[in-house]
Amino acid sequence: MHQINRRRFLELAGVAAAGAALPCSVGAAIPARVVVVGGGFGGATVAKYLCMWGGGKVAVTLVEPNPSHIACILSNLVVTGALAMDRITLGYSALRTRHGVSVVQGRVTAINYGSGKGTVSLSSGTSLDYDHLVLSPGIDFIPPPDSSWDPNLTPHAWQAGPQTLLLKKQLASMQDRDTFVMTVPRSPYRCPPGPYERACVVADYLKRKRLNFARVVVLDANAGIQAEPIAFGDAFNFTYKGMIDYVPNATVASVNSQTRSIVTSAGTWSNVRVLNYIPNQRAAAIDPTAPGRGWPLLNAQGFVPVDPLAYGISGFPNIHVIGDACALPASDGKAVPKSGHMANAQAKVCADAILRALNGEAPDTNVTTNSACFSPITSTTASWLSANFNYGDIYDAAGKVKGKGMHRVDLGEAPKTNGDNYQDMFTWAEGLFADSFV
Ligand SMILES: Cc1cc2nc3c(=O)[nH]c(=O)nc-3n(C[C@H](O)[C@H](O)[C@H](O)COP(=O)(O)OP(=O)(O)OC[C@H]3O[C@@H](n4cnc5c(N)ncnc54)[C@H](O)[C@@H]3O)c2cc1C
């Protein structure tokens, strides 16, 4: 990893948006039908850009069960009361009125995985035909092995909305000497720095509330901090010394939501005031009762392997999976991170590939994607993380080309946690929200 400065980071954070300038025209006389499943960062962006670049020759239908999207991004600040819910609530009206996306409120319950045109079934009992299908349904949770886990008692708050407000309420109820226990899921999971960020803003909240001996226990299923090790290492060891206990290699064996107790390979915590259990994750099911939970192919971790140029599933060239649900290895052997910024970038690559395919062209190979996460560390300071990927040759240890794929070209974290980063965090988030939903 090497450091990149703040100016360079903000330039790189704009890489995804810069792709918007690439037009793509389609020659078909009858509009091609593209159905998009899921209206989060991946789905909203691909629907918007298909319409913008499709020149009126693509009819895009977005299927999403919720009337608006509540972003996970910045949601830890809603948990602490620093932001109101409306700051992270994003509607679909601009997709409809500015871009001409047809937004259908509903859930896709089954997919006909034909090799050509296909059909999706909706919870309403109706169906939609597609020429191309883009799936961006996000994540599902894998319950702990031995469990009476009930997220309505011990929330994950890893999908924003009512869960965010429940965790906020529970945090506000903490008193002197109370403990907030949280888990970090096994990698790969949604937003690598997110759990550590949550530990910091919760500790900051308890500190500002002047609670005596209140503390945060972070039970990490992984061997070490998964993102921004410098910023979070400093925060745990210095800023919140004595307040945050960081416990690595804590594999969860059981969770009891009634007693707010958790048993892990690193110890047991019982009757704690708040148990923020964030489970291990996998691609969201299309049909939870079907083989493969409705997916034709899943990797060992439960995500959908895709190609990095069109985000297609092997054997189904007109079905594409983007965002947190997809699995894409990078040149360093690690997965491309699951983030809203990355989902937005993948959506543009996918939209361009679909429009090229409708024109009878191969996908572009000059592909760059970028991920960024800003992490508040206190109520006035933040850090950031950026990772950038180019499609190209992948080398083996001896320096020989071993194939093609996404090459990690830049991985950096903020050299300093400071107030400028905290302000930049809002500029960056507003930009991403607008680029995806407006
Ligand atoms: C606390 C926290 C902080 C974060 N901070 C950052 C950050 O700083 N930067 C960043 O880039 N990312 C951040 N993220 C990660 C980011 O929120 C996710 O990576 C992003 O939301 C993924 O987008 P997606 O489109 O794949 O999934 P989602 O945003 O989850 O959208 C999926 C959508 O699909 C819908 N859906 C599911 N199944 C179906 C179905 N069968 N039919 C129809 N619709 C369906 C769901 O209702 C949902 O709206 C954070 C996450 C958390 C939890």
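Nothing in this text is a laboratory measurement; each read-out follows from the coordinates by a stated rule. These numbers come from a predicted model, not from an experiment. No Cβ is skipped: glycine too gets one built from the backbone with ideal geometry, and neighbour counts run over all protein chains shown.
Could you grab the relative contact order for the range 142-281? Cα pairs under 8 Å, six or more apart, rounded to a whole percent.
For the range 142-281, the relative contact order is 36 percent.
Could you order the peptides 155-162, 220-227 from most to least packed, using the average number of other C-beta atoms within 10 Å per residue?
My ranking of the peptides, most packed first, is 155-162, 220-227.
What aspartates and glutamates sit close enough to K57 to cross-link, taking a C-alpha to C-alpha distance under 14 Å and skipping anything fewer than 8 places away on the same chain?
Once the sequence-local aspartates and glutamates are set aside, what remains near K57 is D131, D352.
Of the peptides 167-173, 290-296, 31-37, how do they stack up when ordered by the mean number of other Cβ atoms within 10 Å, highest first?
Values: 167-173: 17.1, 290-296: 15.6, 31-37: 23.9.
Output ranking for 167-173, 290-296, 31-37: 31-37, 167-173, 290-296.
At R0 = 25 Å, how high is the FRET efficiency between S93 and D332 if r is their beta carbon distance? Nearest 0.05 is fine.
The value I calculate is 0.05.
Straight-line reach from K402: which aspartates and glutamates have Cα under 14 Å away, leaving out those fewer than 8 places along the same chain?
Filter leaves D332, D393.
Which of the peptides 341-348, 239-246 is most tightly packed, and how do the rest follow, judged by the mean count of other Cβ atoms within 10 Å per residue?
By packing density, highest mean first, the sequence is 341-348, 239-246.
Evaluate 2.2 N^0.38 Å with N set to the residue count of the chain, then give the Cα radius of gyration divided by it.
Dividing the Cα Rg of the chain by 2.2 N^0.38 Å gives 0.97.
Using the structure shown, select from K241/K416; K207/K338; K348/K404; K338/K404; K209/K416; K207/K416 the pairs with a Cα to Cα distance greater than 29 angstrom.
Check vs 29 Å cut-off fails for K207/K338.
With a cut-off of 8 Å between alpha carbons and a minimum separation of six or more residues, what is the relative contact order of the range 259-363 in percent?
For the range 259-363, the relative contact order is 16 percent.
Can you tell me, using C-alpha contacts under 8 Å and at least 6 residues apart, the relative contact order of the chain as a whole percent?
Dividing the mean separation by the residue count of the chain yields 20 percent.
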